[in-house]
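Read the structure below first, then the notes.
Only the coordinates and a few stated rules stand behind these numbers; no lab work does. Given the structure is predicted, the values throughout are model-derived calculations rather than measurements. Here Cβ is always computed from backbone atoms with ideal geometry, including for glycine, and neighbour counts include all displayed protein chains.
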């Protein structure tokens, strides 16, 4: 049984999620200690527990330590079973992160599966639903996956209550190379509010227009009616010839709308200034499917999340992961 130190590297919940995902795919049991030791509230929180229980269902696993605040967990999967699964986070915890935990295994299952995920769809510190739909899942489809999704209800932090439906067909992933982004085909900024004044979205879009020098036709203000609680998100979409990237920032009480927009705009500007197709968050998320299919991609300087994820993957899979520095502060990650 593998023993994983949950405190190493970035020391967060990603170590647990990657371990769960690869344990399901490989059938290797593991024990993780000091879960989320680097966080203010260490141990399992609601969204992590939901991911554990979802993985246990999918893999018919024997689990010990799956309770709130637990710092240790033992996970021993049996066979991955296709089917319909319901995973309520119960809070505004990320539905996207729960999906990314079980999706690699469901792609290897013997039949199709449906996931019904309830919780946060648009919350800080996790990819929003739009990121999955427009950035992550299209790349999986390039690798041969057949995964479709539908957002039935928005769920903003802290109320949650969102609902996402995902359909997964089993597939064998094939290698891809993402080395250039190509010409920009579309630029779009969305400022979305729920149960808040539209003036917030208008202020955010004015900042984005100034920061990125984008014309009015790229700017879109939207008010959401089907979310249980208030919320605000800014999303900047850059669709290129070979890849789409999305940069987000979330409003919160006491934070001026201008600061929210400026955060997203600066991340988008940093991406455009660096001639690499894969942004820092996507680099981290691509590692598991790339490790299963092989391939390579180019990105900017590696985040601690990405470095940590590489080390966890090496514990479960017999793959060679090379990180090569290129001119212009670009790095190529090759997985063979």
Log10 I(q)/I(0) at q = 0.15, 0.16, 0.25 Å⁻¹ for segment 184-273, from Debye over equal alpha-carbon scatterers, is -0.51, -0.58, -1.25
Determine the principal axes of the Cα atoms in segment 134-186, then give the extent along each, sorted from largest to smallest and rounded to whole angstroms. 39, 31, 17
Angle between the Cα long axis of helix 280-293 and the longest principal axis of the chain, 0 to 90 degrees, nearest 10? 40
Stokes-Einstein D (µm²/s) once Rh is taken as the Kirkwood radius of the chain over alpha-carbon pairs, at 10 °C in 1.306 mPa s: 78
Averaged over all viewing directions, the convex hull of the alpha carbons in segment 112-201 casts a projected area in nm² of 7.8
Taking Rh as the Kirkwood radius computed over C-alpha pairs, what is the Stokes-Einstein D of segment 148-224 at 25 °C in a medium of viscosity 0.890 mPa s, expressed in µm² per second? 153
Counting helices only, and only those DSSP H runs with n ≥ 4, report the 222 nm mean residue ellipticity of the chain as the sum of -39,500 (n - 2.57) divided by its residues, in deg cm²/dmol to the nearest 500. -10000 deg cm²/dmol
Per residue Cα convex hull volume in Å³ - calculated over segment 239-300: 94
What fraction of the DSSP beta bridges in the chain is antiparallel, stated in percent and rounded to the nearest 5? 70
Which peptide among 214-220, 103-109 comes first, and what is the full order, when sorted by highest mean count of other Cβ atoms within 10 Å? 103-109, 214-220
Where does helix 257-273 land angle-wise versus the long Cα axis of the chain, in degrees 0 to 90, nearest 10? 70
